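Undergrad: Handing you a structure now.
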Amino acid sequence: MEWNRCLIGICILSSLIWLDPRESRESKATPSGDRALSLLLVMLPLWVGLQLVPLPLPLLRVISPARAALAAVAFPSGTTVGQAPLSATPSLTMAHLLRLLSFICVFYLIRELTRRLNRGPNRNAWLAAVPIILIAASEAALGLVQYFRGAVHATGTWVNSNHYSSFLQMSLPFPLALAAIALRRKGTAPLSIDRALLACGLIAIAVLIFAGALYSMSRMGLAAIVLSLLTLATLWVTRRSPERKAAARVVLSASAVFAVVIVSTPGTLLARFASSDQDPLTGEIRFRIWHETLRLITDYPVFGSGLGSYASVFQKYSVSAPMFLVDFAHNDYLQLMAELGVIGFAIAAATALLILIRILKSAYNAGSSAQRMVSAACAAGLLALLLDSSVDFDFYIPANAMLAAWLAGIGTAGAE
């Protein structure tokens, strides 16, 4: 019920933005560079919707034999099965389709808000990142209180510490970006004390978020943090820099990032790299689950088993953990391939790649320095998510997926 209310609220906000009478028709026109992305964002939910369309069983046997066989055994003996959808669990696919539509609405909503904030002389595109910073700082503070009161991991309001860490990884670049914006001088004017204090406060928030992510004790989270900070530093120091100076700056930035991370990482987290005794889902079990997921993909190669159906379909292939319900592949790419099929996965991958390209374009070519810095933070956060999703299921966590849509909206707003 709470999630449905959230969806309704997102739809209402999206409608208010697009129906605002103060906006001219020209401001609502879709830039030519966005047409391919808009087409992909239409095709993706349509593909998931196709998985819900009931098909005659003879046709289903041709295009998805495994699904037809599953449909045949799902009914009592002697029952005639006339038609069935491509999705093995239509109710779950419908629920995930509604989630997907809400994430797309968030993307367009935040992108339009960022574009409006970036118009005019003030160019306040950075305001779109303020909610991210406030939520992440609150979650980091809560997680640290949990840990230092005796919890094994900092989790904030998440059930899983890895997903909590992923949210903080995506958020970490933004207080750093806003601190850099605050420290930028306008011409030869000296830096005001107010801007200096604001930058110090933002850096303190970044340290808080960084500590919260570390004390989640997520091993891949640590690697994702390093990638995020390296991406952010690289995008900042290489823009409009001579090749030799850019290379030297990248090396210095990388050295500084590794030094900070190594010095700051708790010993308990470092010990987890040497021992997996405390991890119920070891790397070996993950590899076995991935191998078994490949068998599922082989049976549902083109159309997939239906978005959100992995937990229901995979049990037939599960050998590595027969006593447990394996509800996620712990690799978003394999799970999406299994659920969407090759065509659906190609649409999703093309969408993600185009969004990332446009964010990088904005990080280098946006009209204002503030938008460039914020876009660089978006690229850093999304790359951290893409890395973390190779061993987890972040795209299936609504808060993390919605934050990714938020970042994509901010980052693509400056790529005109």
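The numbers here are math on the coordinates, done by the rules we state, and not lab data. On a predicted model such as this, the values are computed, not experimentally measured, just so you know. Backbone-built Cβ (ideal geometry, glycine too); neighbour counts: all protein chains shown.
Undergrad: I need the peptides 374-386, 56-68, 199-211 ranked by packing, meaning the mean over residues of other C-beta atoms within 10 angstrom, with the highest value on top.
TA: Ranking the peptides 374-386, 56-68, 199-211 by packing returns 374-386, 199-211, 56-68.
Undergrad: Taking 0.36 nm per intervening residue step and subtracting the Cα-Cα distance, what contour gain separates Arg184 from Arg149 on full extension?
TA: 8.7 nm
Undergrad: Follow-up. Using amide H atoms built in the peptide plane, which far-off residues or other-chain residues are under 5 Å from Ala154 H to H?
TA: Excluding prolines and chain starts, which carry no amide H, the hits are Ser216, Met217.
Undergrad: Mind ordering 85-93, 352-360 by average Cβ neighbours within 10 Å, highest first?
TA: Output ranking for 85-93, 352-360: 85-93, 352-360.
Undergrad: If the chain between Asp327 and Ala271 were fully stretched, how many nm would it gain, using 0.36 nm times the residue separation less the Cα-Cα distance? Walk me through the intermediate numbers first.
TA: Details: separation 56, 0.36 × 56 = 20.16 nm, distance 2.82 nm.
Additional length available on full extension: 17.3 nm.
Undergrad: With labels modelled as points extended 7 Å from the Cα through the Cβ direction, what inter-label distance (nm, one decimal) is found for Val159 paired with Ala36?
TA: So the label points at Val159 and Ala36 sit 3.9 nm apart.
Undergrad: For Val62 and Ser91, calculate 0.36 nm times their separation in residues minus their Cα-Cα distance, and state this gained length in nm to one decimal. Intermediate results must be reported in sequence, preceding the final value.
TA: Values: separation 29, 0.36 × 29 = 10.44 nm, distance 2.35 nm.
Value of the extension gain: 8.1 nm.
Undergrad: Okay, moving on. Starting from the coordinates of the alpha-carbon atoms of region 286-354, obtain the Kirkwood hydrodynamic radius over all distinct pairs and give the value in Å to one decimal.
TA: By the Kirkwood definition, the hydrodynamic radius is 11.9 Å.
Undergrad: Counting Lys and Arg as +1 and Asp and Glu as -1, what is the net charge of the other residues whose Cβ lies under 14 Å from the Cβ of Ala69?
TA: My count for the surroundings of Ala69 gives +2.
Undergrad: At Leu52 and Val130, where each label point lies 7 Å from the Cα along Cα→Cβ, what is the point-to-point distance in nanometres?
TA: Output for this residue pair reads 3.7 nm.
Undergrad: Give the residue list of chymotrypsin sites (Phe, Trp or Tyr not before Pro) in region 309-416 that are DSSP loop and have at most 13 other beta-carbon atoms within 10 angstrom.
TA: Those satisfying the criteria are Phe324.
Undergrad: Can you tell which of Ala352, Pro398, Ser369 lies farthest toward the positive end of the dipole of region 329-416, using +1 and -1 charges on the Cβ of basic and acidic side chains (Lys, Arg; Asp, Glu)?
TA: Ser369
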